[in-house]
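The values are calculated or read from the model by the stated rules, or taken from the named source; none is laboratory data. Source: prediction; values computed, not measured. All Cβ positions, even for glycine, are placed from backbone atoms using ideal geometry, and neighbour counts span all protein chains on display.
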Amino acid sequence: MYANAIPLREKLDFQQYQKAVKALLNIGIQIAEPEEDDFYYELSSEEVERLRKSEQQIKEGKTISSDQLFKRLRAKYAN
């Protein structure tokens with residue numbers, strides 16, 4: 001368990017994370033490595049952009065129910 005934690009309002013991209021870690025190390029603050037690997041940092045920039053676009057579409061209410069999705073898929077791929 002970590003002694004202190006700073007909640008962030010937004011998820012940092014890899015470059016922002018590296019800059020933040022470097023800044024903290026420069027002032028003598030040690031950083032504990034996360035116990036689990038976060039696949040977010042393994043995503044390509046295109047995949048990250050797709051996720052951001054999806055999040056924006058959700059905020060704008062551009063969603064459909066899972067029932068609607070499955071109906072569309074059945075109609076498209078049914079034999």
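Of all residues being among the hydrophobic types (A, V, I, L, M, F, W, C) and not in a helix (DSSP H, G or I) in segment 1-30, which is nearest to S45 (Cα to Cα)? Just the residue, please.
The initial filter retains those residues of segment 1-30 that are among the hydrophobic types (A, V, I, L, M, F, W, C), namely 1, 3, 5-6, 8, 12, 14, 20-21, 23-25, 27, 29.
Checking the rest, the ones that are also not in a helix (DSSP H, G or I) come to 1, 3, 5-6, 8, 12, 27, 29.
Values: M1: 31, A3: 33, A5: 27, I6: 26, L8: 21, L12: 13, I27: 30, I29: 29 Å.
Among residues in segment 1-30 that are among the hydrophobic types (A, V, I, L, M, F, W, C) and not in a helix (DSSP H, G or I), the one nearest to S45 (Cα to Cα) is L12.
Can you pull out the residues in segment 1-29 that are modelled with pLDDT under 85 and more than 30 Å from Q56 (Cα to Cα)?
M1, Y2, A3, N4
If the Cβ limit is 9 Å and pairs must be 6+ apart or interchain, which residue in segment 53-79 that is free of Cβ contacts under 8 Å to residues at least 24 places away in the same chain and closer than 30 Å to E10 by Cβ pairs with which residue that is loosely packed, with under 10 Cβ neighbours inside 10 Å and not charged (D, E, K, R)?
The qualifying pairs do not exist here.
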